[in-house]
Amino acid sequence: MARLDDMSALEIGERLRLARATSGKTQENACGVLDISRPTLISIEKGQRKAKIEEIETLAALYGVSVNHLLARDAVHVDLQAQFRRHGSLDDEARTSIALLNTMASASVELERLLGVAFSPSYPPEQPLLPGNIERQAEDGAMGLRHRMGVGLSPVADVVSLLENELKIRVFIRALPSRISGLFAFETTVGACIMLNARHPWERRAVTAMHEVAHFLHTRDLPDIYEADKLVSSTEEKFATAFALYFLMPAAALSVFSASPAF
């Protein structure tokens with residue numbers, strides 16, 4: 001653990017802000033346990049006033065983290081929440097799910113550092129959606145990814161392993177609120193992260209995974225909370241839904257099966 005005197009007010013403030021965001025606590029919650037005003041807390045989080053050790057201890061208890069983690073030099077502090085906050089309003093279930101994704105991403109990066117594992121993925125370049133037929137673009141994109149991964153028209157038995165091994169996407173499977181099928185976020189320090197709902201059957205998780213991969217390939221800077229039962233009208237969501245189905249059930253493969261004497 002680093003000595004408090006060795007860390008700048010800015011670094012400590014940013015770590016406290018990230019810990020608060022990850023825990024789902026509000027600035028009002030933090031002000032309450034410290035018995036300080038909101039402007040004072042803001043000045044701490046912005047590094048304008050250095051937090052005292054007793055304040056850090058109190059906030060660590062509130063945020064459910066250790067003081068050692070907050071002050072450790074090699075600790076990983078990731079803020080995926082900021083991307084989702086820019087994406088729109090969030091309810092409690094969404095915030096809880098995002099916090100879990102943030103925690104898992106941080107732990108994954110920290111474990112790699114402890115083990116000396118170099119994470120240097122070679123992601124395919126982002127390909128923005130173009131004007132025109134969205135379904136055709138989805139089919140072309142899905143077939144292009146299958147070709148890149150070397151699976152052709154073959155069935156994919158384990159989508160998660162394929163994404164982890166071939167695309168180096170961090171995939172986490174955890175219990176989420178039933179209405180949330182999955183989440184996607186991309187941040188340069190941790191890479192692409194997808195979380196799937198462990199409560200859903202594997203077939204649904206496979207569709208969700210590829211839906212989120214579509215966002216990774218074509219709208220990388222837009223985080224996504226995927227609710228399969230929610231009607232959406234945006235071009236990005238229509239593309240992602242079609243992409244997932246074309247990847248998992250290639251139209252060309254279906255045509256071959258239909259032409260077979262066995263069908």
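Calculated from the structure at hand, Cα extents along the principal axes in Å is found among (1) 60, 41, 27; (2) 76, 40, 34; (3) 57, 53, 34 as (2). Taking VAL67, VAL232, VAL156 in turn, the Gaussian network model of the chain (Cα-Cα springs below 10 Å) assigns the largest fluctuation to VAL232. Cross-link partners for LYS238 among the lysines, with Cα-Cα distance under 19 Å and sequence neighbours closer than 8 places in the same chain left out: LYS230. Counting every other Cβ atom within 10 Å of each residue's Cβ, ILE173, ILE12, ILE53 order from fewest to most as ILE53, ILE173, ILE12.
For the chain, a simple Cβ point-charge model (Lys and Arg +1, Asp and Glu -1, everything else neutral) yields a dipole of about 100 debye relative to the Cα centre.
Note on region 121-245: dipole from Cβ charges, positive end direction compared against SER161, ALA138, HIS215; the farthest Cα belongs to SER161. For PRO177, what is the net charge nearby, where nearby means another residue's Cβ is under 13 Å from its Cβ and Lys, Arg count +1, Asp, Glu -1? Result for the local shell: 0.
Who wins for biggest fluctuation among LEU130, LEU101, LEU162 in a Gaussian network model of the chain, springs between alpha carbons below 10 Å? So, out of LEU130, LEU101, LEU162, the one fluctuating most is LEU130.
Charge dipole (Cα centre; +1 on Lys/Arg Cβ, -1 on Asp/Glu Cβ; no other charges) of region 123-263 amounts to roughly 280 debye. Note on VAL67 and GLU166: with the Förster distance fixed at 41 Å, the Cβ-Cβ geometry gives a FRET efficiency of about 0.55.
Every read-out reported here was derived from the displayed coordinates using simple, explicitly stated rules and does not represent laboratory data. Computed from a predicted model, the values in this text were never measured in an experiment. FYI the Cβ positions are ideal-geometry reconstructions off the backbone, even for glycines, and counts take in every protein chain you see.
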